[in-house]
1. If you scan the stretch 631-674, which residues turn out to be surrounded by fewer than 24 Cβ atoms within 10 Å (Cβ to Cβ), within 28 Å of G229 (Cα to Cα) and in contact with a Pro (Cβ under 6 Å, 6 or more places away or on another chain)?
2. Could you grab me the full set of residues in the stretch 420-455 that are in a loop (DSSP other than H, G, I, E, B) and in contact with a helix residue (DSSP H, G or I) (Cβ under 6 Å, 6 or more places away or on another chain)?
3. Residues G209, G200, G192: which one is part of a strand (DSSP E or B), touching a residue at least 12 places away in the same chain (Cβ under 8 Å) and more than 20 Å from V65 (Cβ to Cβ)?
4. Is it true that W552 is aromatic (F, W, Y) and free of Cβ contacts under 8 Å to residues at least 24 places away in the same chain?
5. From the list K539, K569, K565, pick out the single residue that is closer than 21 Å to P691 by Cα, charged (D, E, K, R) and in a loop (DSSP other than H, G, I, E, B).
6. Taking Y57 as meeting all but one of (1) within 30 Å of M33 (Cβ to Cβ); (2) at pLDDT 95 or above; (3) in contact with a Phe, Trp or Tyr (Cβ under 7 Å, 6 or more places away or on another chain), write down the number of the exception.
7. Are there strands (runs of 3 or more DSSP E) fully within the stretch 81-164 with at least 3 residues that are β-branched (V, I, T), closer than 22 Å to V177 by Cα and under 20 Å from the mean Cα position of the chain (by Cα)? List them.
8. Which of the residues spanning the stretch 43-80 are surrounded by fewer than 19 Cβ atoms within 10 Å (Cβ to Cβ), of a type outside the set (S, T, N, Q) and outside any helix (DSSP H, G or I)?
Amino acid sequence: MESVESTPEMVSGVYSAMDANIRKVRSKIGRAMTLSEKILFGHLDDSENQDIDQKAYLSLCPDRVALQDVLGQTVMLQFMQTRRSKTAVPTTVHCDHLIQARTEGESDLLSSINENVEVYNFLRSASAKYGVGFWGPGAGIIHQVVLENYAFPGALILGTDSHTPNAGGLGACAIGVGGADAVEVMAGLTWGLFPPKRIGVYLTGSIGGWTAPKDVILHLAGRLTVSGGTNSIIEYFGPGARSISCTGKATITNMGAELGATTSVFAYDDRMQTYLNATDRGDLVNLADQYANLLTADEDVLKNPEPYFDSVIDIDLSVLEPHVVGPHSPDRARPISSLAFEVSDQANGFVDDIDTSLIGSCTNSSYEDMSRAADVAEQAKAKGVESATSLMVTPGSEQIRLTIERDGQLDSLKSINANVLANACGPCIGQWKREKKLDGVPNTIVTSYNRNFPRRNDGRSETMNFIASPEIVTALSLAGKLSFNPITDKLLDSDGNLFKLSPPKQAPEVPTNGFVSGASAYVPPPTNGNDIEILVDPKSTRIQLLQPFDAWDGNDFIELPILLKVKGKCTTDHISPAGPWLKFRGHLEKFSDNMFMGAVNAYTDEAGKGSNVLTGERGIEISKTARNYKSNELRWAVIGDYNYGEGSSREHAAMSPRLLGGAVVIARSFARIHESNLKKQGLLPLTFSSPSDYDLIREDDRISITGLREFAPNRGIECVIHHSDGETENLSLSHSFGAAQIEWFKSGSALNLFHQRNINS
């Protein structure tokens, strides 16, 4: 069998290469380094000749790639076109996104396997053919499984999911990317990263009482906002960092994605040692100890961090309160002590009665998390109190589920009427078949998840998701009220007496009796998969072979119509909704019918609808108008607001616009992953040099992008706005393309470079 494991031999090779590269870079820059610099510079393809400059793309060699099942379909379809016989780096596929939450875990899993058998068979056969490890449905959520099995301190990991930084809790630089990035690395190419800024978070004190590691990142989200970490790596250090468990650290780094951060990372310490030993990777501890100098910032950085970071934020864990964020945005943060007042303010429109409480997911399903939530449940059980809401528990992996079943945490939660879902993403990503009685009805849910955009969890814009730690969510479920504060407020027991919950006891970060193995759904690749045939039915509605996009014809884009001008927040959920559409992710043509379904039209305030300049029709579904333009050989432009494309790494938010004739997206600013995805698919993501120019764009304007034959790095793009009254305005646009990325545009996509090489070879 082919090995995709992080073996001691593989990790030793990584550390040896890192050591050599860091020595070379250190001789160039002549200063101390942060941890994130060590990991990135340690993975340089050519440290001797790499330009160590904030304006030069770093050419990096990642250690491994992880794919979830939804984007994994697209990745495998793209990888087939490279004509490589095997992946160049260890790669795994994780079937976690397609399992829908309906009633309970076991039956939901069986139903999803039956419904998605075509997709799973495709992924299983493609994995076997190309030397990829396959984690079948039920094994667990990609980020938890990677943490348990593959991550190690100092690793550089790419994953086709925005919450890949979860592995930063184990000292890895784990970065969420689009599928095209993953394909290139799987095919043996280096990966280019524009040097991120560095945000240092200095932690002092220690967590106690009701406060949890979750509150660190919820608090930070409130301070930095959803765009405050864009193109930055967040690095946590200080004495407080060492007081947080490995899985607690993972919760914090996981949600760095909600700040737009490239990734987040903690330095190697004894808490990571504990987790590695508990997950049967003690041999990696010896190696990490040997190379510990590579796995933490230099002493000069730790003593005086300000000169080495673009900004430093101090957080005292000893005074940090439990926080709740939401609704509709993960940066709408406040301490729980302030929430009741906001609920009472009718102007906010918050619904105090909680309908459903949900704990677990990739973000908060650790042994420690479940133990603390179970402690709250046991207190309620002793008083004869059950959850006042529907309470759902999502284990992050089969290993976690089996272990907390053995040790009693599941029974404790079930004793207050919790329902245990499958080991999958489920409601966190919209895979939740919720009752229709709530259609159009404002309602409140509380979760320990990571993302809470409108329509995210159940497809309803009226659902308000408030995010908190698992123990706080469990307490809120007992009260059934959003305004409840377990620190100060009391509950009624079964005899009608008031009582107050005690803060959950300190929980073990790993089980005393070890984890129960949960790897039964794992299928390692065979030694040789050359004879394996991948069959795709041309009539399938689930899997569609991809065709190359057309190369740029060498001409400027002249008088493009405005397909849509987006108002306010426009996440990848708005551009390319998930929920019921997830099942079509492997079929680009069919999936693209949902394009911009959730995006708000700046001219009408209507979601998903706009005008057709060719027919004069108004209130038309955006995808239908795009298809009409394409049939008339008319390409189009989209106008975006700030932080356009924040959220999930879903590549389809770039692929669908490309398929349906998009040429240009002009925004006030972009989220990192989405901007990269647009480039990879041959689109032009451009920014207004003056953000206020956004206001100049009218619904019936045409836009010309000129001078493209002189397209070059660090050189602006000229734009002409043609108003319907005959007037024109000239604007300056900016871009972040490097020389290699401009070739993607000229070729029609990054993947087309592979096609060209195959044709010429």
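1. R668, the sole residue that qualifies.
2. The answer is L421, A422, N423, G430, S448, Y449, N450, F453.
3. Answer to the selection: G200.
4. no
5. Residue meeting the stated conditions: K569.
6. (2)
7. Per the criteria, 91-94.
8. Across the stretch 43-80, the qualifying residues are D45, D46, E48, D51, I52, D53, K55, A56.
The values are calculated or read from the model by the stated rules, or taken from the named source; none is laboratory data. Every value quoted in this text rests on a predicted model; they were computed, and no experiment measured them. In this analysis, Cβ positions are derived from the backbone assuming ideal geometry, glycine residues included, and neighbour counts consider all displayed protein chains.
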